[in-house]
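The values are calculated or read from the model by the stated rules, or taken from the named source; none is laboratory data. On a predicted model such as this, the values are computed, not experimentally measured, just so you know. Please note: Cβ atoms are built from the backbone with ideal geometry, for glycine as well, and neighbour counts cover all protein chains shown. Note: accessible area is taken over every heavy atom of the protein model, side chains too, but ligands, DNA and RNA are not part of it. Shrake-Rupley method; radii C 1.70, N 1.55, O 1.52, S 1.80 Å.
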Amino acid sequence: MIPLCVPNISGNEAKYLAECVETSFVSSIGPFVTRFEDMVAAAAGTRGAVATSAGTTALHAALIAVGVRPGDLVICPSLTFIASANAISHCGATPWLFDVDAESWTLDPKLLARELAESTSLRGGERIHTHTGRRVSSVVPVFTLGIPADMDALTAVAREAGLAVVVDGAAALGATYKGKRSGDLGADLTMYSFNGNKTATAGGGGAVAGNDAGLLAHFRHLTTTARTSPDYDHDIVGFNYRMTNLQAAVGCAQMERLDDFVTAKRRIAARYNEALGRIDGFGAFPEPAHTESAAWFSGFAFQTRDGDRRSAALRGHLRAQGIDARPFWKPMHRQAPYRDAPRTEMAVTDALWSCIVTLPCSTHLTEADQTKVIGTVLAWARD
Ligand SMILES: *Cc1c(COP(=O)(O)O)cnc(C)c1O
């Protein structure tokens, strides 16, 4: 089987792990954690970063750090991985699900502005959702496939409405928007994931990056049991969301090669687009103006009426030929836990999600294997 997307472990991972064992720094204190945080901040383009046990836990604590409270509504796109919505639920809040923009598959600033104007009002300095009476406290743009959302427009709308902005940039390290790196686009905090299927992995793990030192310090406090002294004093209900030195050792070895990994991802995506572009109904993954995607996944969307059926048929065919190909995220408004969450119309998301095919795109995918994938897709399309 040619896998969809597997870790590329061929750098300093074993060496750094051996250092952890030899020095017995295997847990949540150790030099690799600090080094990893510095590398993430550099890649994100921010003043600092704090490592965590997972992307989901990073997003959960980030939302609490910016002031999300139980009962709030938090705006996020329906087209996302369920972790974004779950992190909101873990705060005792509810996701307010939004359709995405057709050109970028990310939150649509115009829709955001319109919904805030039509469905909310300011009451006692708080933004209240008219229909549910709930406070709306923040917005979570998701950088789908590593594509930055239109952050200049989104942050302008969000700030005007008094909302915090926490980006789910899980797979966006390496992306740029108007020449700036993905953590430096005006959000309060930006989350990254180092899960095994991300471009750089720590086995599992996450981080937030940001430019506000006080907010990052508060986030670190929250994620490290909110301890105020070595004598077991804690001032608030914190979390044990630390990353271990073992995870960070792998993460450092991966981050050393992030530029090469992202270059490989983009090369693989470009070759698929070039080779498959003439298939009937082929719709490339978005490349919005002024953005460079981190190209986390490769693939395309069928833009024909029967796109969902063709996508499923092609995926089945490829798997039968020993090539892993998969659908992409099933939207949140179609998931059991979020069926009743408040939401906008979903015209773009509903037309899109089931027509997507993702194709093998590990950073060490060989040219020969990619040639096989392309040949198999083209032969299927001819029949
Ligand atoms: C991978 C991913 C996450 C979750 O990260 P974990 O590290 O697996 O918790 C969240 N959001 C998006 C968009 C992701 O792709």
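For residues that are among the aromatic types (Phe, Trp, Tyr) and part of a strand (DSSP E or B), scanning just segment 76-126, find the one that is nearest to the ligand (Cβ to nearest atom).
The extreme case among them is Phe98.
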Completion exercise
Per the filter on segment 232-247, residues in contact with a strand residue (DSSP E or B) (Cβ under 6 Å, 6 or more places away or on another chain) and either at pLDDT below 95 or open to solvent by less than 50 Å² (accessible area, probe 1.4 Å) (or both) are Tyr241, Met243
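Results for (1) surrounded by fewer than 18 Cβ atoms within 10 Å (Cβ to Cβ); (2) under 20 Å from the mean Cα position of the chain (by Cα); (3) in the same structural domain as Gly322 (by TED's automatic domain parsing); (4) of a type in the set (A, V, I, L, M), shown as yes or no for each residue.
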{"site": "Leu352", "(1), (2), (3), (4)": "no, yes, yes, yes"}
{"site": "Thr358", "(1), (2), (3), (4)": "no, yes, yes, no"}
{"site": "His364", "(1), (2), (3), (4)": "yes, no, yes, no"}
{"site": "Gln370", "(1), (2), (3), (4)": "no, no, yes, no"}
{"site": "Ile374", "(1), (2), (3), (4)": "yes, no, yes, yes"}
Practice task
For segment 55-74, enumerate the residues that are under 16 Å from the mean Cα position of the chain (by Cα) and open to solvent by 30 Å² or more (accessible area, probe 1.4 Å).
Solution key: Thr56
Exercise for the section: For segment 204-215, indicate whether the set of residues that are touching a Lys or Arg at 6+ places or on another chain (Cβ under 6 Å) and open to solvent by 10 Å² or more (accessible area, probe 1.4 Å) is non-empty. Expected result: yes
Handout entry: Among the candidates Ala170, Ala158, residue that is buried (at least 22 other Cβ atoms within 10 Å of the Cβ) and assigned to a loop (DSSP other than H, G, I, E, B)
Key = Ala170
Practice task
Can you run down the residue pairs with Cβ atoms below 9 Å, 6 or more apart or on separate chains, where the first is in segment 79-102 and without any contact (Cβ under 8 Å) to a residue 12 or more places away in the chain and open to solvent by less than 10 Å² (accessible area, probe 1.4 Å) and the partner is more than 14 Å from the ligand (Cβ to nearest atom) and not small (Gly, Ala, Ser)?
Solution key: none
Completion exercise
Ser138 passes all but one of the listed conditions (1) buried (at least 24 other Cβ atoms within 10 Å of the Cβ); (2) part of a loop (DSSP other than H, G, I, E, B); (3) among the hydroxyl-bearing types (Ser, Thr, Tyr); the exception is number (2)
Fill in the blank from the handout: Residues in segment 53-72 that are part of a loop (DSSP other than H, G, I, E, B) and more than 9 Å from the ligand (Cβ to nearest atom) total 7
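Does Arg266 satisfy the criteria of being of a type in the set (Lys, Arg), out of contact with any Phe, Trp or Tyr (no Cβ under 9 Å at 6 or more places or on another chain) and surrounded by fewer than 16 Cβ atoms within 10 Å (Cβ to Cβ)? Explain how you work it out, then say what you get.
Working: of a type in the set (Lys, Arg): yes; out of contact with any Phe, Trp or Tyr (no Cβ under 9 Å at 6 or more places or on another chain): yes; surrounded by fewer than 16 Cβ atoms within 10 Å (Cβ to Cβ): no.
When the stated conditions are applied, Arg266 does not pass them.
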Practice task
Among the candidates Ala18, Ala61, Ala44, single out the residue that is modelled with pLDDT of 95 or more, of a type outside the set (Lys, Arg) and closer than 24 Å to Ile236 by Cα.
Solution key: Ala61
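Looking at segment 182-190, can you tell me whether even one residue there is in the same structural domain as Arg35 (by TED's automatic domain parsing), closer than 15 Å to Glu115 by Cα and away from the ligand (no atom under 16 Å from the Cβ)?
Initially, segment 182-190 is screened for residues in the same structural domain as Arg35 (by TED's automatic domain parsing), giving 182-190.
Narrowing the set further to residues that are closer than 15 Å to Glu115 by Cα leaves none.
Looking for residues that are in the same structural domain as Arg35 (by TED's automatic domain parsing), closer than 15 Å to Glu115 by Cα and away from the ligand (no atom under 16 Å from the Cβ), one finds none in segment 182-190, hence no.
Residue check: is Gly214 over 20 Å from the mean Cα position of the chain (by Cα), more than 16 Å from the ligand (Cβ to nearest atom), in the same structural domain as Ser362 (by TED's automatic domain parsing) and small (Gly, Ala, Ser)?
Criteria not met by Gly214.
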Fill in the blank from the handout: Among residues of segment 107-135 being surrounded by 18 or more Cβ atoms within 10 Å (Cβ to Cβ) and among the acidic types (Asp, Glu), the residue farthest from Trp329 (Cα to Cα) is Glu115
Handout entry: Residue count for segment 130-153, restricted to those that are within 16 Å of the ligand (Cβ to nearest atom) and touching a helix residue (DSSP H, G or I) at 6+ places or on another chain (Cβ under 7 Å)
Key = 5
